[in-house]
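Below: the structure, in structure tokens.
What follows is calculated from the coordinates using simple rules that are stated; it is not laboratory data. This is a predicted model, so every value here is computed, not measured. Don't worry about glycine lacking a Cβ; one is built from the backbone with ideal geometry, like all the others, and counts go over all protein chains shown.
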Amino acid sequence: VTDLHTEDRFPVTPILRAHDMRSSATAVIPGSDGPYGVLGVHTTEPRTFSPDDLHFLRSMANGLGWAIQHRRARVRLAEAEARYRDLVERIPAVTYVAEFGFSGRWQYVSPQIESILGFPRKRWVDDSGLWYRQIHPEDRARVMADEERSRESGEPLTSEYRAFARDGRVVWFRDEAVVVRSEGAAPVLQGVMYDVTEQKEAEQALSAAYEREREVAERLRSVDEMKNAFLSAVS
């Protein structure tokens with residue numbers, strides 16, 4: 001607009017009239033879902049804006065649109081991460097992201113690691129060999145074999161093993177994870193470790209009860225055979 005005093009294509013805003021603006025140029029601030037608004041420049045003296053002026057203004061508007069869009073995307077991402085983290089840290093299991101191998105670095109572990117095993121998250125992440133050392137020695141070779149099989153095939157990992165808590169308790173875990181590969185980076189496991197100690201103890205108690213019942217049945221069968229042999233001898 002060369003002269004706002006004579007402009008008749010659209011109404012001039014009161015604030016421009018109040019400041020006695022004469023010339024004006026505006027550019028649309030583009031957005032992903034529609035314009036965010038306009039970026040305007042105004043002068044108190046009549047001026048004809050050159051193509052270079054308009055090109056610069058459009059560049060500024062485009063840059064501002066990108067900055068607004070980037071800022072909103074970051075806010076949405078932060079909100080989504082906060083919701084995901086809150087969900088992850090509420091489930092009754094340990095969620096983790098870790099590299100393969102007995103000395104693989106743990107990139108993330110949820111707070112449940114402390115309530116289940118008694119180790120602070122920072123120590124668990126900083127000491128890359130802690131997880132392997134806490135696994136029951138009788139289960140280590142099998143767990144490493146399960147990991148290697150998933151790493152080579154890319155198939156999901158499923159493994160059950162015992163681990164020692166910080167206070168010496170034995171905790172049974174069911175470890176379920178998927179293999180995530182990224183270009184230029186080593187593959188990692190994203191998984192969940194479920195505490196199945198109560199289930200395992202119940203299974204062991206049931207197995208022990210069954211074994212006792214079997215032994216009792218064997219003794220009764222022996223007694224019955226002795227009874228039959230005695231009655232046969234008497235006859």
Counting only C-alpha contacts under 8 Å and six or more residues apart, can you give the relative contact order of the chain as a whole percent?
-> 12 percent
Listed residues 140, 212, 151, most fluctuating in the chain (Gaussian network, C-alpha, under 10 Å) | 212
Pseudo-spin-label distance residue 105 to residue 224, built 7 Å along Cα→Cβ, given in nm, is 6.7 nm
Unit charges on C-beta of K, R, D, E only; dipole of the chain, Debye | 420 debye
Could you check what % of the DSSP bridge pairs in the chain are antiparallel, to the nearest 5?
-> 100 percent
To the nearest 20 debye, what is the magnitude of the charge dipole of region 1-89 about its Cα centre, counting +1 on the Cβ of each Lys and Arg and -1 on the Cβ of each Asp and Glu?
-> 220 debye
What length, rounded to one decimal in nm, is gained on full extension from residue 212 through to residue 82, with 0.36 nm per residue of separation minus their alpha-carbon distance?
-> 41.6 nm
Tilt relative to the chain, helix 137-153 - C-alpha long axis, 0 to 90 degrees, to 10 = 50 degrees
Have a look at 66, 124, 172 and tell me which one the Gaussian network model of the chain (Cα, springs below 10 Å) gives the largest fluctuation.
-> 66
Which one of 233, 180, 5 is farthest out on the positive end of the charge dipole of the chain, using unit charges on Cβ (Lys, Arg +1; Asp, Glu -1) and the Cα centre as origin?
-> 5
Semi-axis lengths (Å, descending) of the ellipsoid that matches the C-alpha gyration tensor of the chain | 77, 20, 15
Quick one: which residues, 5+ away or cross-chain, put their amide H under 5 Å from the amide H of residue 36? H built at 1.01 Å from N.
-> 29, 31
Helix 197-234 vs. the chain, principal-axis angle (Cα, 0 to 90°, nearest 10) = 20 degrees
Once phi is turned into θ = phi - 60°, what whole-Hz ³J(HN,Hα) does the Karplus curve with 6.51, -1.76 and 1.60 give for every residue of region 102-117, x standing for Gly and Pro?
-> 5, 10, x, 6, 8, 7, 7, 8, 6, x, 4, 4, 6, 6, 8, 10
Say we join alpha carbon atoms closer than 10 Å with springs in a Gaussian network model of the chain; which of 11, 120, 111 then has the biggest fluctuation?
-> 11
Considering only 103, 61, 143, whose Cα is most displaced toward the positive end of the charge dipole of the chain, charges sitting on Cβ of Lys, Arg (+1) and Asp, Glu (-1)?
-> 61
Rounded tilt (10° steps) of 51-88 against the dominant C-alpha axis of the chain | 20 degrees
Residue 23 long-range amide H proximity, modeled H, under 5 Å | 4, 43, 45, 47
Would you work out the relative contact order for region 22-61, in percent, from Cα pairs under 8 angstrom that are 6 or more residues apart?
-> 46 percent
